[in-house]
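This report refers to the structure that appears directly beneath it.
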Amino acid sequence: MDLVALLAIQVLYAIASLALISVGLAIIFGMMRVINLAHGEFLMLGGYAAIVATNNGVNIWLSMLVVAPIVVGLIGVVVERTIIRFLYGRMIDTMLATWGLSLFLVGLTTAIFGNTTVGISAPLGSFQIGAYRTSAYTLFVIAVAAVVLAAIFAVMRWTRLGLIARGTMQNANMAAALGVNPPRVYAITFGVGAALSGLAGAVLAPVSGVFPTIGVAYVAKSFITVIGGGAAILTGTVSASALFGTINQIATFVTTPVFGEVALLGAAIVLIRLLPQGITGRFFRRGL
Amino acid sequence: MMLDVQGLRTGYGRIPILNGVSFSVNEGEFIGILGHNGMGKTTLLKALMGFLPATGGRVMFGHDDVTTVEPYRRARLGLGYVPQGREIFPGLTVYENLRMGCSTQDSAEEDIIAAVLEEFPRLKALLDRTGGALSGGEQQLLAMARCLCGDPRLVLLDEPTEGIQPSIIDEIVETLQRLRAKRGLTMILVEQNLDFIAALSQRILIIQKGAITREVAPAELGDASLVGEFVGIAT
Ligand SMILES: Nc1ncnc2c1ncn2[C@@H]1O[C@H](COP(=O)(O)OP(=O)(O)OP(=O)(O)O)[C@@H](O)[C@H]1O
Ligand SMILES: [Mg+2]
């Protein structure tokens, strides 16, 4: 029984971390059809932002939940204004440009922080489930993911900003004919996507540590999740994270973490083979 | 004068479509535009809305020179657009489509939409449907209602009767006549349906090969030989 509870928490944690690292990418891709190959580096920058802020005396919660998203969100807006906006509708060019940006950011952070792993310790203790101990931070990550997803849903569904974002995503020219300024919507969207990536990178920093090339580890998983999820940003991210997170964690539990990753990749290949449009290309089409 | 177009040139990429279009529209006027398929009627409306860059000429909207102004700014200045094919947001509900139409307005959305729905009672029962799930006729009514939510001074209306049954066409004619009386609307109407254009327009401009070549009165549309020359598929 205790073991089942422990496993359930670990599965939820796997789902939550997948959803967290993917949702920024999903927003940027889903709304703007921009494939951001620097996504992993946005996560990495979020980690560094949190660590640097904490080391300079900022409260660790503030660093992770406020400083990191703001810093990376601003970086995102600058990137959109200086690079991405000239490349809309040119998918290959955006991929090349963001790939270049990703290399640049890795180089820059290596020059500043060195090629070593820095960390902050998980600021919560552990708790007991029957005979097992597990880190309370796990629950915190799950809670952050839940709050982030709920907040995105609420903004998209119930605010004027969310309405304008959805309308612009469906038909930017018609939105413009009604008085909406699409470039502004895109800049905000890109900034929000980057901010969420910064938040994810910061929240996961105490778990995995941060080093300049950590983005590579994140980026593959988040792309798999976004592609597996399909067109609907939220439902897609949630359903793909749920599927892949569960498979990953159960395989890890039964065998080893390495095999867990293999199972995740295998599941992704099978899924894309069966549902080329992703889960929401086939199910939950009406979802956000 | 509400709109003054002088020598407007535009096209798609390097392909020129309009080679110097000139005309003007007075406040409160309904102007019809008639021409064979592919003569550039839609292109003209897109250019007026700012979706195609002018390669020559000038467009004055009221006292503003809008020749190089972006579409969203033209919308905010009071240009309304109901495109050919309606371009309803397919994944938004009817009500949300109308809310998008309120983007230029400062006053409360609910009030604006309630007032517009009085003009389009048929939409009242459809508010929670998604736009993509409406019939062509319903989409046309929605596209016009959405445009009116922005309280435009000049409406560009592109082939509203395309693929629509006669009873709804009559409804559209009545609605537009009522709106003209009530809101003092000005309109540029592109149409192939001669009865429709004759019932609504005060002047009709003929567009041929990317220029306005003639102006006729609605009564002249009864003349069969004239009509064969200007509408339908070009021979
Ligand atoms: N996106 C485009 N790219 C290139 N050429 C285009 C494009 N859209 C239209 N054209 C061409 O421009 C010309 C004018 O097209 P336009 O749509 O303005 O015609 P129209 O008068 O509205 O015709 P219809 O009555 O069929 O709606 C046509 O020859 C058409 O093939
Ligand atoms: Mg046309």
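The values are calculated or read from the model by the stated rules, or taken from the named source; none is laboratory data. Keep in mind it's a predicted model, so treat the numbers as computed, not measured. Virtual Cβ from ideal backbone geometry, glycine too; neighbours counted across all protein chains shown.
Structural remarks
- Residue match in region B:77-89 (condition: farther than 21 Å from residue B:187 by Cβ, of a type in the set (A, V, I, L, M, F, W, C) and crowded, with 20+ Cβ neighbours inside 10 Å): yes
Residue-by-condition table, conditions (1) over 19 Å from residue A:170 (Cβ atoms); (2) of a type in the set (Val, Ile, Thr); (3) at pLDDT 95 or above; (4) within 16 Å of ligand 2 (Cβ to nearest atom):
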| residue | (1), (2), (3), (4) |
| --- | --- |
| B:60 | yes, no, yes, no |
| B:63 | yes, no, no, no |
| B:70 | yes, no, yes, no |
| B:77 | yes, no, yes, no |
| B:81 | no, no, yes, yes |
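- Members of region B:81-96 found to be outside any loop (DSSP other than H, G, I, E, B) and either at the interface with chain A (Cβ under 8 Å from one of its Cβ atoms) or among the aliphatic types (A, V, I, L, M) (or both), listed by number: B:81, B:82, B:94, B:96
- On inspection, residue B:8 does not qualify as within 14 Å of chain A (Cβ to nearest Cβ) and either out of contact with any strand residue (DSSP E or B) (no Cβ under 7 Å at 6 or more places or on another chain) or within 14 Å of ligand 1 (Cβ to nearest atom) (or both).
- When each of B:138, B:118 is tested for being of a type in the set (D, E, K, R), out of contact with any His (no Cβ under 6 Å at 6 or more places or on another chain) and surrounded by 13 or more Cβ atoms within 10 Å (Cβ to Cβ), the lone residue that passes is B:138.
- Test: residue A:194 is away from every other protein chain (no Cβ under 14 Å), surrounded by fewer than 22 Cβ atoms within 10 Å (Cβ to Cβ) and within 25 Å of residue A:235 (Cβ to Cβ): no
- Meets criteria (among the hydroxyl-bearing types (Ser, Thr, Tyr) and touching a residue at least 24 places away in the same chain (Cβ under 8 Å)) for residue B:67: no
- For region B:170-181, taking the residues that are in contact (Cβ under 8 Å) with a residue 24 or more places away in the chain and under 18 Å from residue B:31 (Cα atoms), the one that is surrounded by the fewest Cβ atoms within 10 Å (Cβ to Cβ) is identified as B:178.
- Reported count of residues in region B:103-119, each being assigned to a loop (DSSP other than H, G, I, E, B) and either within 13 Å of chain A (Cβ to nearest Cβ) or at positive phi (or both), is 5.
- Scanning region B:181-212 for residues that are more than 27 Å from residue B:9 (Cα to Cα) and under 14 Å from the mean Cα position of the chain (by Cα) turns up B:196, B:200.
- Among the residues of region B:153-181, the ones that are touching a helix residue (DSSP H, G or I) at 6+ places or on another chain (Cβ under 7 Å) and within 16 Å of ligand 1 (Cβ to nearest atom) come to 6 in all.
- Tally of residues being more than 7 Å from chain B (Cβ to nearest Cβ), surrounded by 18 or more Cβ atoms within 10 Å (Cβ to Cβ) and within 11 Å of residue B:70 (Cβ to Cβ) across region A:159-185: 1
- Residue check for residue B:126: away from ligand 2 (no atom under 16 Å from the Cβ), in contact with a helix residue (DSSP H, G or I) (Cβ under 8 Å, 6 or more places away or on another chain), of a type in the set (A, V, I, L, M, F, W, C) and within 12 Å of chain A (Cβ to nearest Cβ): no
- Complete set of residues in region A:230-260 that are out of contact with any Phe, Trp or Tyr (no Cβ under 7 Å at 6 or more places or on another chain) and farther than 18 Å from residue A:12 by Cβ: A:230, A:231, A:233, A:236, A:255, A:256, A:258, A:259
- Residue B:28 being more than 16 Å from ligand 2 (Cβ to nearest atom), under 28 Å from residue B:137 (Cα atoms) and within 14 Å of chain A (Cβ to nearest Cβ): no
- Selection of region B:43-64 for residues being small (Gly, Ala, Ser), within 14 Å of chain A (Cβ to nearest Cβ) and more than 10 Å from ligand 1 (Cβ to nearest atom) yields only B:50.
- Residues that are among the aliphatic types (A, V, I, L, M) and either over 25 Å from the mean Cα position of the chain (by Cα) or loosely packed, with under 12 Cβ neighbours inside 10 Å (or both) within region A:114-138 comprise A:129, A:131, listed in sequence order.
- Unmet criterion (only one of (1) under 20 Å from residue B:191 (Cβ atoms); (2) away from ligand 1 (no atom under 16 Å from the Cβ); (3) β-branched (Val, Ile, Thr)) for residue B:130: (1)
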